[in-house]
Amino acid sequence: MKLAARVGKVPPSLTLAISAKAKAMKAEGIDVCSFSAGEPDFDTPEHIKAAAQKALEAGQTKYGPAAGELKLREAIAHKLKRENGLHYETENIIVTNGGKHSLFNLMLALIEPGDEVIIPAPYWLSYPEIVKLAGGEPIILTTDAQTGYKVTPEQLRQGITTKTKLFVLNSPSNPTGMVYTPAEIEALAKVIIEQDILVVSDEIYEKIIYDGAKHLSIAEVNSEIFEKTIISNGFAKAYSMTGWRIGYLAAPKELINATVKIQSHSTSNVCTFAQYGAIAALESSQDCVEEMRQAFIKRREVIYQLLNAIPGITCSQPEGAFYMFANISKIGCTSLEFCNALLTEQNVAVIPGIAFGADDHIRISYATDLVTIEKGMARLDKFVRSR
Ligand code: GLU
């Protein structure tokens with residue numbers, strides 16, 4: 001069968017492939033320590049599940065507006081006002097089937113063949129692939145531990161050409177966990193305004209932040225950048241709702257209308273009763289978010305100490321998200337070789353850095369319990385010492 005050329009341009013998602021493999025090994029009875037997909041191990045909080053159950057029982061089982069339930073769009077607009085000081089109307093918001101789908105809608109609405117999209121590396125692995133599927137060209141700006149894995153304003157300026165349409169900003173970052181300071185965000189905003197491009201700000205980890213680091217949405221900097229910003233966010237990480245598949249975009253109306261048009265011909269609306277769970281997530285107490293963050297703080301401390309005690313592995317302390325991005329360059333193999341051997345020999349699943357544009361690293365998700373963290377790091381230690 002002759003498949004469309006676009007299929008050949010992208011690999012399958014390695015995060016999903018490795019976590020599926022780890023789950024299958026577990027199902028076979030193998031004692032696997034999985035640090036693969038960024039998926040909190042907590043169940044979705046009870047009040048969120050109860051709200052979705054109530055909606056299901058009340059008959060919220062029909063098609064809804066392609067843009068999302070009005071009540072959820074209102075709740076998102078209130079959240080953006082309350083927490084970020086941003087004024088959006090419901091027409092500025094689309095509810096999507098998760099963060100990945102938000103970006104997919106956005107790229108389809110915005111990117112034409114030949115358009116360039118600037119993505120700092122290390123990047124979340126789906127960014128470049130979504131750009132390619134939309135016909136655009138990802139332009140990768142490499143960063144490293146020296147600059148805290150952050151792109152500088154000069155680097156961004158140099159990466160911009162007449163073909164540049166969009167810059168992808170992700171803070172807190174998956175996979176590095178770094179968080180741009182408000183001053184750094186302001187400096188990037190200046191370049192974006194000067195060069196008249198757009199920015200998509202992926203803020204899915206905004207609530208998972210440590211050590212007094214502050215999340216500033218780039219849309220907050222001033223009214224000029226507000227008009228050039230597309231905020232992408234969702235419920236998966238902060239509320240442990242990965243399988244619910246609910247995300248959103250907030251942006252100028254013209255762009256949101258375009259994404260609604262596309263969504264109306266693809267997925268239609270997000271599961272109607274699930275959206276009522278998302279409303280409860282935003283409008284009820286945020287204590288559950290804080291409880292999970294406290295658990296991540298403990299896990300981060302433990303894994304950071306254990307990881308850095310392993311000879312040949314170095315890792316900086318992340319300020320956000322729930323990933324350790326560890327440098328393995330001293331081990332003398334590619335990240336894929338490292339991860340394959342680690343899974344085969346020690347039953348430990350981590351993601352090779354090559355997937356994130358950094359082959360000398362591995363990503364370890366610590367959104368898992370402390371027992372697994374301790375056991376997994378002991379196995380990793382044994383593995384590295386055997387090289
Ligand atoms: N965003 C998560 C991760 O990076 C979930 C898996 C995925 O969608 O790639 O692990």
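Of Ser217, Ser201, all but one fail to be open to solvent by less than 10 Å² (accessible area, probe 1.4 Å), polar (S, T, N, Q) and touching a residue at least 40 places away in the same chain (Cβ under 8 Å); the exception is Ser217. Starting from residues that are surrounded by fewer than 22 Cβ atoms within 10 Å (Cβ to Cβ) and either assigned to a loop (DSSP other than H, G, I, E, B) or in contact (Cβ under 8 Å) with a residue 12 or more places away in the chain (or both), keep the ones in segment 81-91 and report whichever is nearest to the ligand (Cβ to nearest atom). Here the answer is Asn84. Only one entry of Ala236, Ala278, Ala251, Ala274 meets the criterion of being among the hydrophobic types (A, V, I, L, M, F, W, C), farther than 13 Å from Gly98 by Cα and at pLDDT 95 or above, and that entry is Ala251. Within segment 303-322, being under 20 Å from Ser240 (Cβ atoms) and over 19 Å from the mean Cα position of the chain (by Cα) holds for one residue alone: Ile303. Is segment 154-171 home to any residue that is within 30 Å of Asp287 (Cβ to Cβ) and of a type in the set (Gly, Ala, Ser)? Yes, segment 154-171 contains a residue that is within 30 Å of Asp287 (Cβ to Cβ) and of a type in the set (Gly, Ala, Ser).
For Thr372, the criteria (1) of a type in the set (Ser, Thr, Tyr); (2) assigned to a loop (DSSP other than H, G, I, E, B); (3) modelled with pLDDT of 95 or more hold in every case but one, which is (2). A single member of Thr44, Thr15 is under 30 Å from Ser173 (Cβ atoms) and more than 11 Å from the ligand (Cβ to nearest atom), and it is Thr44. Quick one: Phe35 ticks every box in (1) within 15 Å of the ligand (Cβ to nearest atom); (2) modelled with pLDDT of 95 or more; (3) closer than 23 Å to Cys271 by Cβ except a single one, so which number is it? If we test Phe35 against (1) within 15 Å of the ligand (Cβ to nearest atom); (2) modelled with pLDDT of 95 or more; (3) closer than 23 Å to Cys271 by Cβ, just (3) comes out false. Taking segment 220-248 as the range and being open to solvent by 10 Å² or more (accessible area, probe 1.4 Å) and more than 18 Å from the chain's Cα centre (by Cα) as the test, the residues that pass are Glu220, Val221, Asn222, Ser223, Glu224, Phe226, Glu227, Lys228.
Only residues that are outside any strand (DSSP E or B), under 20 Å from the mean Cα position of the chain (by Cα) and either within 16 Å of the ligand (Cβ to nearest atom) or surrounded by fewer than 24 Cβ atoms within 10 Å (Cβ to Cβ) (or both) were counted across segment 150-183, and they come to 12.
The residue list Ser232, Ser240 contains one member that is more than 20 Å from Thr61 (Cβ to Cβ) and touching a Pro at 6+ places or on another chain (Cβ under 6 Å), which is Ser240.
The single residue among Arg73, Arg6 that is open to solvent by 70 Å² or more (accessible area, probe 1.4 Å), under 24 Å from the mean Cα position of the chain (by Cα) and either away from the ligand (no atom under 16 Å from the Cβ) or of a type outside the set (Gly, Ala, Ser) (or both) turns out to be Arg6. Considering only residues of segment 54-72 that are assigned to a helix (DSSP H, G or I) and without any contact (Cβ under 8 Å) to a residue 24 or more places away in the chain, which is farthest from Leu282 (Cα to Cα)? This residue is Glu57. Residues being within 16 Å of the ligand (Cβ to nearest atom), assigned to a helix (DSSP H, G or I), closer than 17 Å to Ser201 by Cα and open to solvent by 40 Å² or more (accessible area, probe 1.4 Å) are represented in segment 97-115 by at least one member. Would you pick out the residues in segment 299-344 that are closer than 18 Å to Ser36 by Cα and among the basic types (Lys, Arg)? Within segment 299-344, Arg299, Arg300 meet the criteria. When you look at Ala121, is it open to solvent by 10 Å² or more (accessible area, probe 1.4 Å) and either modelled with pLDDT of 95 or more or within 16 Å of the ligand (Cβ to nearest atom) (or both), yes or no? The answer is no for Ala121.
The values are calculated or read from the model by the stated rules, or taken from the named source; none is laboratory data. Worth saying up front: this structure is predicted, and the values here are computed from it rather than measured. Cβ coordinates were reconstructed from backbone atoms using ideal geometry, including for glycine residues, and neighbour counts include every protein chain displayed. Accessible surface areas use protein heavy atoms only, side chains included; no ligands, DNA or RNA. Shrake-Rupley method; radii C 1.70, N 1.55, O 1.52, S 1.80 Å.
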